[in-house]
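Trainee: Would you mind keeping the following structure in view while I ask a few things?
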Amino acid sequence: MVAERFFVPALETLSTLWKIPPDVAGATLLALGNGAPDIFSEIAALTALGPPDFSLALAESGGGTYFISNVVFAV
């Protein structure tokens, strides 16, 4: 319901503004919106004060994959 109310109008606006077909915008911009939190948390792990935490960035990118493949697919 939240995605329908807030995310879909934003996708429609961006697809109109950038002259992208709606199905292409849904496939690309939706994937970007879904992966953005992972990208930002990896950037935060690598640019935090002090030395970059490569193990945290690697665990974050692999953790989502392991969770989806082991928990979501199992359910």
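Trainee: Kindly establish whether Val24 is of a type outside the set (Lys, Arg), closer than 30 Å to Glu12 by Cβ and either modelled with pLDDT under 80 or in contact with a Lys or Arg (Cβ under 9 Å, 6 or more places away or on another chain) (or both).
Mentor: On the way: of a type outside the set (Lys, Arg): yes; closer than 30 Å to Glu12 by Cβ: yes; either modelled with pLDDT under 80 or in contact with a Lys or Arg (Cβ under 9 Å, 6 or more places away or on another chain) (or both): no.
No, not satisfied.
Trainee: Are any of the residues in the range 28-47 at pLDDT below 80 and part of a loop (DSSP other than H, G, I, E, B)?
Mentor: The answer is no, given that none of the residues of the range 28-47 is at pLDDT below 80 and part of a loop (DSSP other than H, G, I, E, B).
Trainee: Would you say Gly26 is free of Cβ contacts under 8 Å to residues at least 60 places away in the same chain and surrounded by 11 or more Cβ atoms within 10 Å (Cβ to Cβ)? It would help to see each step written out before you state the result.
Mentor: Working: free of Cβ contacts under 8 Å to residues at least 60 places away in the same chain: yes; surrounded by 11 or more Cβ atoms within 10 Å (Cβ to Cβ): yes.
Answer is yes for this residue.
Trainee: Considering Ser69, Ser15, which residue is small (Gly, Ala, Ser), modelled with pLDDT of 80 or more, assigned to a helix (DSSP H, G or I) and surrounded by 11 or more Cβ atoms within 10 Å (Cβ to Cβ)? Even if it seems obvious, please write down each step before you answer.
Mentor: Values: Ser69 fails: surrounded by 11 or more Cβ atoms within 10 Å (Cβ to Cβ).
Selected residue: Ser15, the only one of Ser69, Ser15 that is small (Gly, Ala, Ser), modelled with pLDDT of 80 or more, assigned to a helix (DSSP H, G or I) and surrounded by 11 or more Cβ atoms within 10 Å (Cβ to Cβ).
Trainee: State the number of residues belonging to the range 54-66 that are open to solvent by 60 Å² or more (accessible area, probe 1.4 Å) and either under 24 Å from Phe7 (Cα atoms) or outside any helix (DSSP H, G or I) (or both).
Mentor: Counting residues in the range 54-66 that are open to solvent by 60 Å² or more (accessible area, probe 1.4 Å) and either under 24 Å from Phe7 (Cα atoms) or outside any helix (DSSP H, G or I) (or both) gives 1.
The values are calculated or read from the model by the stated rules, or taken from the named source; none is laboratory data. Please read all numbers here as calculations on a predicted model, not as lab measurements. Methodologically, a virtual Cβ is constructed for each residue, glycine included, from the backbone with ideal geometry; neighbour enumeration extends over all protein chains shown. To get the accessible areas, we keep the full protein, side chains included, count just its heavy atoms, and leave off ligands, DNA and RNA. Shrake-Rupley method; radii C 1.70, N 1.55, O 1.52, S 1.80 Å.
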